[in-house]
Amino acid sequence: MSRASARERMGALLLIVPLLAFLAVFFLWPLWTMVRASVVDNTVSRVLPRTAAAIVSWDGQGLPPAQVHKALIEDLRQAEDQQALGETVRRLNSAVSGFRTLLTRTTNAVRDETNSGAIDLGDLDRRWKEPRFWLALREAVPPYTDRNLLAAVDMKRDAGGAIVSEDPGASANRLIMFRTFLVAAIVTLACATIGLPYAMLAAAVTGWKRTVLLLAVLVPLWTSLLVRTTAWFVLLQNEGLINGALQVLGITDGPLPLIFNRVGVVIAMTHVLLPFMVLPIYSVLLSVPRNLMQAAASMGAGPLRAFWRVLLPLSLPGLMSGSLLVYMVAIGYYITPALVGGANDQMISSVIAFYALGTANWGLAGALGVILLLVTMILYFIYGRLSKSPQLLGA
Amino acid sequence: MFRTAQTFFGLLVVTFLLMPIVAILPLAFTSSVFLTYPIEEYSLRWFVELTTADAWRLSIMNSLIIGLGATLLSTVLGTLAALGLRTKALPFANLLRTMFLLPMVVPAVVLGVGMQMLFVNLGVASTYPGVIIAHAVLCVPFVIVSVSASLQGIDPSVEKAASSLGASPVKVFRRVTLPLALPGIISGAVFAFATSLDEVVITLFVAGPNQRTLARQMFSSIRENISPTVVAAALLLIIGTLCLGGLAALLRWRQERIALRAAP
């Protein structure tokens, strides 16, 4: 390699390094933090380090050996961080109820007694003679857990460690995931049904007609998402324009329920995502020679046949990338379902936001986030393969 | 028959696309507290509310501060990187480009959860720098795409000519490359600002009550208690976006005229 190109390469690297470092710290690191939060569980092992080390040697049969008892007494005596201790108690109590009183009582007793060798846990509280408390402790100490990832798909480990389904009714994550994929599919279908003929029309006409058709797609794309959602909120409400028009025209007597339900979510999301369907199909159709349809007609194909055998196959690549794009964006949607949807239309993003902002359950929020991230990345990979340049529209 | 159906379908979709945006704007001027037609009386009370109520005024200020900060940060970093990506000798150029575009793809809620956790640990949660950084991450892809496109349009022979006439690499960059790339940089900055202005989800996760942006304020007032102030704010956003778009177009046009005059 010549010296000039080596210098050029160095220069290019220097230009890229600032952004690379910025995104590594403020983009990749947050994602990594979230992935870690979904599998790391050091609440208990941080507060009870000796117990965590000692209990590993216990095979889970009968009661743990004396050294585990000793380690627990020592850990409880030395635990200073009250907040961390409280989190540990909560975590253990959610596994076996009764742990809260048991640990509080034990901690107080251990701290009052100066001679730690004299304490016998079984005498202190009879519950320490029950293996289930020790088993719960043993299960809670490993620093890595699949608990959150399993809970994200409504599964759990039973007492024996086998993976089983969560009791029906205990959690609705599977239902919400299914709903997310369903709503995204309906929206994609709606966008394709409207977007394909619209893009064909835009490619077929010329002059001011084409300008109008394209502007109608671009203006919403550049209007704030919040403005568009506000608009649908105002239009769809019971006293809104749509219901008003329907009643004035005598089509309905009372207001149709259009907002806070699935109908409203699908309408608003279709409006927001339609440009992402129209533009890829349109750009594919632009590269189709105009005389191809004429050629088909001259060879005896009727308009319908020419459409079916010539235009539709040619627009398929655009339809594929448009559909992938719409579906990919739709499954991660938060704002529109949150504002226009009802309680039964909340998608996976809303649940993630609920766990993160509402209950501060980082583990579960992270696990659901990992699933959403994985699905999105797989779709993006396929999209990148299909449309050779991995660029998104709207940019 | 087919023609009529075509025209009807076209009109129908155009209406579906544009009607919602057009239909709500007059409601910003209603004097009623309800967002319903017909408008009995027109007034500017909701604009007064927008500019005097503390929550709204603060949120407009915050949007401007955070928007300008995020635009500056993302435009500088993005432009430098786009210049670097231009060099053919760069290894893994495609991989790097894909990574720079990823913030546009990752669902906002996912990134928001991660940022919230990390920012708390780093001590920048609920601070202006934290929100500016978070917005800048989302703006970077737009700057990269826009600047890269304008750099692609530069004929390499122009730069070669400049250096063969004795200009140093720095001078070539300053006098030839930068002016030619400027329209792309400016439209990248406009996209970045618009992105920051419209951002809600990440803001929900990383901003505190003191960094409430206009979009965030609109989101919570639609959720809790919608009033025509939201529509007034929407009108403000639309006008703001239009002005920015117009400014970018104007600068681009002037740039092209200068370029034409310089190269007769």
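Here are some notes:
- Kirkwood Rh in Å, taken over the protein assembly as shown so that all alpha-carbon pairs contribute: 28.5 Å
- Rounded, prolate or oblate (a/c below 1.5 giving rounded, otherwise prolate when a/b exceeds b/c) for region A:43-144 by Cα gyration tensor: rounded
- Debye, to nearest 20: dipole size of the protein assembly as shown, +1 on Lys, Arg Cβ, -1 on Asp, Glu Cβ: 2460 debye
- Reachable lysines, given that their alpha-carbon falls under 19 Å from the alpha-carbon of A:K129 and they are not under 8 places away in the same chain: A:K70
- Cα point-scatterer Debye curve for chain A, base-10 log of I(q)/I(0) at q = 0.08, 0.11, 0.12 Å⁻¹: -0.67, -0.96, -1.04
- Among the residues of A:29-39, the average count of other protein chain beta-carbon atoms within 10 Å of the residue beta-carbon is 5.
- When only Cα pairs below 8 angstrom with a gap of at least 6 residues are kept, chain A shows a relative contact order of 18 percent.
- Computed E for A:L312/A:I382 - FRET, C-beta separation, R0 22 angstrom, nearest 0.05: 0.55
- In chain B, a dipole from Cβ-located charges (positive for Lys and Arg, negative for Asp and Glu) runs towards its positive end, and of B:L12, B:P179, B:F193 it is B:P179 whose Cα lies farthest in that direction.
- Across region A:123-139, the residues whose backbone nitrogen lies under 18 Å from the label position 7 Å along the beta-carbon direction of A:D112 are A:123-128.
- Mean residue ellipticity (222 nm) of chain A, computed from DSSP H runs ≥ 4 via -39,500 (n - 2.57), nearest 500: -21500 deg cm²/dmol
- More than 29 Å apart - percent of Cα-Cα pairs taken over region B:43-262: 37 percent
- Sorting B:132-139, B:149-156 by their mean Cβ neighbour count within 10 Å, with the most densely packed peptide first, gives B:132-139, B:149-156.
- You can think of it this way: the chain between B:N210 and B:I39 has 58.1 nm of extra reach, that is 0.36 nm per residue less the Cα-Cα gap.
- Peptide A:349-357 has a mean of 4 when you count, residue by residue, the C-beta atoms of other protein chains within 10 Å of its C-beta.
- If R0 is 51 Å, the Cβ-Cβ spacing of B:A23 and A:Y144 corresponds to a FRET efficiency of close to 0.40.
- Three-way shape label, region A:173-386, alpha-carbon gyration tensor, a/c 1.5: oblate
- Each of A:S45, A:L28, A:Q61 was scored by the projection of its Cα onto the charge dipole of region A:22-118, and the greatest displacement toward the positive side belongs to A:L28; charges sit on the C-beta of Lys, Arg, Asp and Glu.
- Spatially, region A:161-203 and region B:177-232 are offset by 28 Å when compared through their Cα centroids.
- Label point distance in nm, B:D155-A:Q61, each placed 7 Å from Cα along Cα→Cβ: 8.6 nm
- For peptide B:75-88, the mean count of partner chain Cβ atoms within 10 Å of a residue's Cβ comes to 5.
- At least 24 Å along the helix axis (C-alpha) and Kyte average at least -1.0, DSSP helices within chain A: A:3-23, A:173-204, A:262-286, A:312-331, A:362-386
- Note on B:M99 and A:L13: the model spin-label points, each 7 Å out from Cα along the C-beta direction, lie 1.3 nm apart.
- Cα-based shape type of region A:316-378, given that a ≥ b ≥ c are square roots of the gyration tensor eigenvalues and the cut on a/c is 1.5: oblate
- FRET efficiency, B:A167 to B:L247 (Cβ-Cβ, R0 35 Å, nearest 0.05): 0.70
Where a number appears in this text, it was derived from the coordinates with a stated rule and is not lab data. Computed from a predicted structure; not experimentally measured. Neighbour counts run over all protein chains shown; Cβ positions are idealised from the backbone, glycine included.
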